[in-house]
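Each reported figure results from applying straightforward, stated rules to the coordinates on display, with no laboratory input. This structure is a prediction, so every number in the text was calculated from the model and none was measured. Cβ: placed from backbone, ideal geometry, glycine included. Neighbour counts: every protein chain shown.
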Amino acid sequence: MGKNKSPRHVAIIMDGNGRWATSQGLGRSSGHEKGTLNIQKVLQAFSAHGVRYITLYAFSTENWNRPKTEVDNLMRLTVSSIADQLAFLHTEGIKITHLGEKSSLPPEVMEAIKKCEKTTFRNDKLILNLAFNYGGRSEIVKAVKELVEDKVSPSEISEHQIEARLYTKGIPDPDMIIRTAGEKRLSNFLIWQSAYSEFYSTETLWPDFNESDVSKAISVYRSRNRKFGEL
């Protein structure tokens, strides 16, 4: 990577909604609502820097283990936020793609996501990948199962064959992965795709992550020299 270039694809682990709510004396659901409202602003800021793909880690396969009331609130918030933001996203030329397993989602969530994908299908200004009910390990297991079902012989199995069966088929690997709220782990996010991604951690909680934070992240990325295993 030459210096001073912006990343083409940024993936974000949106962490800190609960801690933000606690700091404000509010319930965790209020933090999730605030975090959802922050998405538009962040998308616009990254787009202004020339980023073409953004992947948001919205709900992991492990998140089902959270208290039922919180999970139910997250599902309701997903449906309502899609309804509230779809017109804006479509007008802005943003294409929404779902990464994850749909069939085990509540019907209303599954239909809301399908509506997003259908409505924005022809948009191409910015590609927003929504990782919802997503897990990196389960994604790889899914790809392996499909290889078996397709009767691909061991000698024919390659990285390309696996990548063709991932949720991210046709999407470039993330150049940069950002995690908010100070944590420094991937948490089962884009395990295959992040092999050579630049990792950036910020103490800023997701609801507070703003245009200034976007600029800082882009600046750090531009200062790095990506070698992809070469000298």
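Some notes on this structure:
- Only Cα pairs under 8 Å and 6+ residues apart enter the sum, and on that basis the relative contact order of the chain stands at 31 percent.
- Coordinate range along principal axes, alpha carbons of the chain, Å, largest first: 57, 44, 33
- Cα→Cβ-extended label distance, 7 Å offset, between GLN161 and TRP64, nm: 2.9 nm
- Between SER187 and LYS142, the contour length at 0.36 nm per residue exceeds the alpha carbon distance by 14.4 nm.
- Taking 4 °C and 1.567 mPa s as conditions, segment 111-204 diffuses translationally at an estimated 84 µm²/s according to Stokes-Einstein applied to its Kirkwood radius (Cα pairs).
- Shown for VAL220, VAL51: other C-beta atoms within 10 Å of each C-beta, ranked fewest to most, produce the order VAL220, VAL51.
- A Gaussian network model of the chain, with springs between Cα atoms under 10 Å, assigns the largest mean-square fluctuation among THR91, THR78, THR61 to THR91.
- Annotation for segment 1-96: trypsin sites (Lys or Arg not before Pro) lying in DSSP loop with at most 13 further Cβ atoms inside 10 Å of their Cβ are LYS3, LYS5.
- Whether segment 90-145 is rounded, prolate or oblate, judged on the alpha carbon gyration tensor where a/c under 1.5 counts as rounded: oblate
- Spatially close Lys pairs in segment 90-231, defined by Cα atoms under 24 Å apart and a spacing of eight or more places or different chains, total 28.
- Segment 36-107-segment 108-183 distance, computed between alpha-carbon centres (Å): 15 Å
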